[in-house]
Amino acid sequence: MSTTNRRGLFLTFEGLDGCGKTTQMRLLARRLRAAGETVIETIEPGGTDIGRAIRRILLDPRNQHLSAAAEMLLYFAARAQNVDEILTPAIGRGEIVVSDRWTDSTWAYQGFGRGLGTEVVQSLDRIACRGRRPDLTFWMDIDLETSLERARSRNRDQAAEETRMDDQERAFFERVLQGYQALAEAEPDRVVRVDGRGTVEEVAARVAAAYDGFRSRHV
Ligand code: TMP
């Protein structure tokens, strides 16, 4: 067994829809496993059975009338379940957990996008996550045009079952992007901006370099 991750490690991937975070998360997980680490991959919302049920409510395009407060609480409800069912046990076993989105998505999409503000997001995070915070967050930065185009083409491919959030107006996503920019400025030690442009391999090399840099600072 590896000795490097005995304390457990929590890594998250963030960014606009279509930023490539899911692909990059899988590639990093594969690289870490090849180095002997035990890695658990999860996703928010949807990392648990309960979370998948909540995800269906959140992303169902028929639920346009879901209120902004209910939306935010559902994202946190899914995450609270993940903390108890997946994150806390895995960290306790000294494993690495990588998550496709976490509270920073709520900060950007609900805090900035919906205009609910960041204080309420931080308060709810304390209740839902009880102090569990990512050790390192990769913010996959792509421009808004690329994000909107990728989301559109993905929805064409996937028979449009999960489109409620994608159906928001352009100004909403501009605010989400501002949220991520503000986050990276507010927490430069935790949140690393990764240029999401280029080939999958080029971006993966940037993620790997950021991870190695983090590890060398936290031995
Ligand atoms: P995904 O498609 O990357 O899995 O994310 C699902 C959608 O939910 C995406 O549009 C971002 C949005 N989202 C929020 O609005 N708030 C949150 O807290 C999370 C985790 C996701």
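Given a 1.4 Å probe and every protein chain left where it sits, what share in percent of the accessible area of the stretch 9-217 is carbon and sulfur? Working shown, then result.
On the way: 4910 of 9600 Å².
Carbon and sulfur together cover 51 percent of it.
For the chain, the per residue solvent-accessible surface stands at 48 Å², with DNA, RNA and ligands left out and a 1.4 Å probe.
Sum up the charges of everything whose Cβ sits under 13 Å from the Cβ of VAL83, counting Lys and Arg as +1 and Asp and Glu as -1, but leave VAL83 out. Write down the numbers at each step before the final one.
Details: positive: ARG79, ARG126, ARG130, ARG132, ARG133; negative: GLU44, ASP84, GLU85, ASP125.
In short, +1.
Compactness of the chain, taken as the C-alpha radius of gyration over 2.2 N^0.38 Å, stands at 0.98. Derived scalar couplings between HN and Hα for the stretch 182-199 equal 5, 5, 4, 6, 6, 10, x, 6, 9, 9, 9, 7, 10, 5, x, 7, x, 6 Hz in order, rounded to whole Hz, by the Karplus curve 6.51 cos²θ - 1.76 cosθ + 1.60 (θ = phi - 60°), x for Gly and Pro. The charge dipole of the stretch 9-217, taken about its Cα centre with unit charges on the Cβ of Lys, Arg, Asp and Glu (plus for the first two, minus for the last two), comes to roughly 380 debye. The heavy atoms of ASP189 present about 130 square angstrom of accessible area, all protein chains included, probe 1.4 Å. Separation of the stretch 47-88 from the stretch 136-207 is 20 Å, based on Cα centroids. Farthest toward the positive end of the dipole of the chain, out of GLY92, GLY179, GLY115, is the Cα of GLY92, where the dipole comes from beta carbon charges about the Cα centre. Ligands, DNA and RNA aside, ILE86 has an accessible area near 30 Å² when probed at 1.4 Å. Axis of helix 21-34 versus longest Cα principal axis of the chain: the two differ by about 20°, to the nearest ten degrees. Over the chain, dividing the summed -39,500 (n - 2.57) contributions of all DSSP H runs of at least 4 residues by the number of residues returns a 222 nm mean residue ellipticity of -15500 deg cm²/dmol.
The values are calculated or read from the model by the stated rules, or taken from the named source; none is laboratory data. The model shown is predicted, which means the values in this text are computed figures rather than measured ones. Methodologically, a virtual Cβ is constructed for each residue, glycine included, from the backbone with ideal geometry; neighbour enumeration extends over all protein chains shown. We work out accessible area using only protein heavy atoms, side chains counted, and drop any ligands, DNA or RNA first. Shrake-Rupley method; radii C 1.70, N 1.55, O 1.52, S 1.80 Å.
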